[in-house]
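Novice: This is the structure, below, for whatever I ask next.
The values are calculated or read from the model by the stated rules, or taken from the named source; none is laboratory data. Model, not experiment: these values are computed from the prediction. Heads up, the Cβs are rebuilt from the backbone with ideal geometry, glycines too, and the neighbour counts pull from every protein chain shown. Just the protein is used for accessible areas: all its heavy atoms, side chains included, with ligands, DNA and RNA removed. Shrake-Rupley method; radii C 1.70, N 1.55, O 1.52, S 1.80 Å.
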Amino acid sequence: VQLQASGGGLVQAGGSLRLSCAYSGRTFSYNLRMGWFRQAPGKEREFVAAIRWSGGSTYYADSVKGRFAISRDNAKNTVFLQMNGLKPEDTAVYYCAQGGGSSYFSDRSYDYWGQGTQVTVSS
């Protein structure tokens, strides 16, 4: 399985970006989920959002609720992260991931990771 993330960039505070993550390869999991994590310099990687591929249930970190939205395109094997109302503290490298583990929020439940895309929010 390979994941390719794109869509990062530099944006002013209050602006928007849309990240995309396309995956290729065959995966078999009833509980398949795609997630977004981020890691800022000097900080640990943290959960941002996740979506269950079957059914589309979504999960968000408290810090992004109401501002970010995760969605998927089943036909294109692609997951999106629409980020609105961006803040300087959202600056990080954003990673998409795929897994089928027991937790949507833990990076240990994800088996495959994309290469990361940089998001920088200026104040």
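Novice: Which of the residues that make up region 1-16 are open to solvent by 60 Å² or more (accessible area, probe 1.4 Å) and more than 17 Å from Glu89 (Cβ to Cβ)?
Specialist: Result: Gln2, Gln4.
Novice: With the requirement that a residue be out of contact with any Phe, Trp or Tyr (no Cβ under 8 Å at 6 or more places or on another chain) and either of a type outside the set (Lys, Arg) or closer than 18 Å to Arg52 by Cβ (or both), what does region 82-108 give you?
Specialist: Kept after step one, since they are out of contact with any Phe, Trp or Tyr (no Cβ under 8 Å at 6 or more places or on another chain), are these residues of region 82-108: 85-93, 102-103, 108.
Gly85, Leu86, Pro88, Glu89, Asp90, Thr91, Ala92, Val93, Ser102, Ser103, Arg108, listed by residue number.
Novice: Another question, then. Among strands (runs of 3 or more DSSP E) lying entirely in region 17-107, which contain 1 or more residues that are surrounded by 13 or more Cβ atoms within 10 Å (Cβ to Cβ), under 10 Å from the mean Cα position of the chain (by Cα) and touching a residue at least 40 places away in the same chain (Cβ under 8 Å)? Steps first, answer last, please.
Specialist: Numbers: elements: 17-24, 33-39, 46-52, 58-60, 68-73, 78-83, 92-99.
Passing ranges, in order: 17-24, 33-39, 46-52, 78-83, 92-99.
Novice: Would you point out which residue out of Val11, Val1 is β-branched (Val, Ile, Thr) and farther than 16 Å from Gly116 by Cα? Spell out how you get there, then give the answer.
Specialist: Details: Val1 fails: farther than 16 Å from Gly116 by Cα.
On inspection, the qualifying residue turns out to be Val11.
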